[in-house]
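**Student:** Here it is, the structure in full.
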């Protein structure tokens, strides 16, 4: 059994952005990056749900 990999936030963001663009299918992205398609769906949803927060004013970042 292989050990779980921990990807950095930059990697997660790149994959999620590619998924949002829709130029490749989730299956193609999963094969390209070696991650499970379910994780790509999860990160894509997290990106879409969190995007409005980027433009809010007066909100402090949480660690």
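**Student:** Could you list, in sequence order, all residues of the range 5-24 that are part of a loop (DSSP other than H, G, I, E, B) and either within 12 Å of the chain's Cα centre (by Cα) or more than 17 Å from residue 48 (Cα to Cα) (or both)? Spell out the reasoning first.
**Tutor:** Going residue by residue through the range 5-24, those that are part of a loop (DSSP other than H, G, I, E, B) are 5-8, 22-24.
5, 6, 7, 8, 24, listed by residue number.
**Student:** Just to be sure I understand the filter: pairs with C-beta atoms under 9 Å, separated by 6 or more residues or on different chains, first member in the range 38-63 and outside any helix (DSSP H, G or I), second member modelled with pLDDT under 95 and surrounded by fewer than 13 Cβ atoms within 10 Å (Cβ to Cβ). Which pairs pass?
**Tutor:** Here the result reads 59/53, each pair linking the range 38-63 to a residue that is modelled with pLDDT under 95 and surrounded by fewer than 13 Cβ atoms within 10 Å (Cβ to Cβ).
**Student:** What tally of residues in the range 28-37 results from selecting those that are more than 13 Å from residue 11 (Cα to Cα) and assigned to a helix (DSSP H, G or I)? Please lay out each step first, then the result.
**Tutor:** Restricting attention to the range 28-37, the residues satisfying the condition of being more than 13 Å from residue 11 (Cα to Cα) are 28, 31, 36-37.
Those left that are additionally assigned to a helix (DSSP H, G or I): 28, 31, 37.
So the count comes out to 3.
**Student:** Right, something else. Name the pairs: first residue in the range 1-26 and over 12 Å from residue 44 (Cα atoms), second residue surrounded by 12 or more Cβ atoms within 10 Å (Cβ to Cβ), Cβ to Cβ under 8 Å, at least 6 apart or on different chains?
**Tutor:** Between residues of the range 1-26 that are over 12 Å from residue 44 (Cα atoms) and residues that are surrounded by 12 or more Cβ atoms within 10 Å (Cβ to Cβ), the close pairs are 7/35; 11/33; 24/18.
The values are calculated or read from the model by the stated rules, or taken from the named source; none is laboratory data. Keep in mind that this is a model prediction, so the values were computed, not measured. Every residue, glycine as well, gets a Cβ built from its backbone with ideal geometry; the counts of neighbours run over all protein chains shown.
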